[in-house]
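Just below is one structure, and these are the notes that go with it.
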Amino acid sequence: MLSTFPYYSIEDSTRIQGLLYPGKKVRALRFPKTFRGVDHRSANEYLLQESPSLDRVAIFGLPEDIDYTVGMMRHPRCSALKMYWSYVDPPARQVYEFFRPEILEEAQALGVPIVLHLPQMIVRSLSDLVQVLTDFPRLHVAIAHLGLSKMLVPGLLEAYNILRGYECVSLDTALNPSADVVALALSCFGRERIMFGSDEPLNLIRSVAYTHPEYGQRIVADYLYHWADPTEHAQFQHLAVNAAHSHWSCVQAIRHAIECYPLQEREDLKHRVFYANAERFYGF
């Protein structure tokens, strides 16, 4: 899916931000593309050297090169560490298969937070995640995509309630179109531990989430992308006719979740979710 965007420069990002956030000053946490085949060392250097001074960089760590990854975490512009389950071959099913314990130990010691895209939905990765949080109790973890659940599923409330006991855990809203999930996360974790994430440029795909009878949660776009199964696409394409960019459904989800709160609390909630929480977590 990521290879839909074979390249994406800082200049591209600045132009898109001008369109999506007119009149706003946007400060971004930038990290390299995560799929195999990217020269991640060069991508890390590009972002560290060329990102605007007000931005922050999450370096991409290489599980096969612990020394390199640890060395990059010591770079003065490194604000976080990103590693990815599908970078390894075969794709990882457990966190320690791509976030090596030796790397997490150093991240904890340096105070470098990690951006964790779970290899499975949070209700399936819960015991694995709890083990990591138990082994590294001072490691600051941002769980991406609100734990990958794009709709309310059995066990999600229980998972959130368990994880909220780990004070170093926050969640980002990247590519989550569900107001119900955002509202549940805010209710469980509080207004200081949820932060907006765009997952740009994937937010430029016009897609909707649905439940496949065999595969569970999926997304479908009106356009037949190269990563889509043609048979599955033909069956569910109608759900995405006239779909907006995913950016808008995800921002609307946050808006609707916040509108459940009393009017006098909403400005504070927006300030925290869209600015203050990430400012604190990533050191902007």
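The values are calculated or read from the model by the stated rules, or taken from the named source; none is laboratory data. Remember, predicted model here, so these are calculated numbers, not experimental data. Cβ atoms come from the backbone with ideal geometry, glycine included; neighbour counts cover every protein chain shown.
One table, with the values for the structure above:
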| read-out | value |
| --- | --- |
| Test: residue 186 is in contact with a strand residue (DSSP E or B) (Cβ under 9 Å, 6 or more places away or on another chain), at pLDDT 95 or above and more than 20 Å from residue 246 (Cα to Cα) | yes |
| Out of 122, 143, sole residue that is within 18 Å of residue 92 (Cβ to Cβ), at pLDDT 95 or above and touching a Gly at 6+ places or on another chain (Cβ under 6 Å) | 122 |
| Among (1) under 18 Å from the mean Cα position of the chain (by Cα); (2) not in a strand (DSSP E or B) - the single one residue 170 does not satisfy | (2) |
| Conditions (1) touching a strand residue (DSSP E or B) at 6+ places or on another chain (Cβ under 6 Å); (2) surrounded by fewer than 16 Cβ atoms within 10 Å (Cβ to Cβ): number failed by residue 221 | (2) |
| Residues of region 126-147 satisfying the condition of being within 20 Å of the chain's Cα centre (by Cα), part of a loop (DSSP other than H, G, I, E, B) and surrounded by fewer than 21 Cβ atoms within 10 Å (Cβ to Cβ) | 140 |
| Candidate set: region 1-13, residues that are of a type outside the set (Asp, Glu) and in contact (Cβ under 8 Å) with a residue 12 or more places away in the chain; chosen: the one surrounded by the most Cβ atoms within 10 Å (Cβ to Cβ) | 13 |
| Criterion (closer than 30 Å to residue 7 by Cβ and out of contact with any Ser or Thr (no Cβ under 7 Å at 6 or more places or on another chain)) met by exactly one of 184, 175, 171, 157 | 171 |
| Subset of region 88-125 [more than 22 Å from residue 75 (Cβ to Cβ) and in a helix (DSSP H, G or I)] | 95, 96, 97, 122, 123, 124, 125 |
| Residue match in region 232-246 (condition: in contact with a Pro (Cβ under 8 Å, 6 or more places away or on another chain), in contact (Cβ under 8 Å) with a residue 24 or more places away in the chain and not in a strand (DSSP E or B)) | yes |
| Boolean, residue 198 is farther than 22 Å from residue 124 by Cβ and modelled with pLDDT of 95 or more | yes |
| Criterion: under 17 Å from the mean Cα position of the chain (by Cα) and aliphatic (A, V, I, L, M) - qualifying residue of 194, 258 | 194 |
| Qualifying helices (runs of 4 or more DSSP H) (wholly inside region 7-77; at least 1 residues being in contact with a Phe, Trp or Tyr (Cβ under 7 Å, 6 or more places away or on another chain) and at pLDDT 95 or above) | 40-50 |
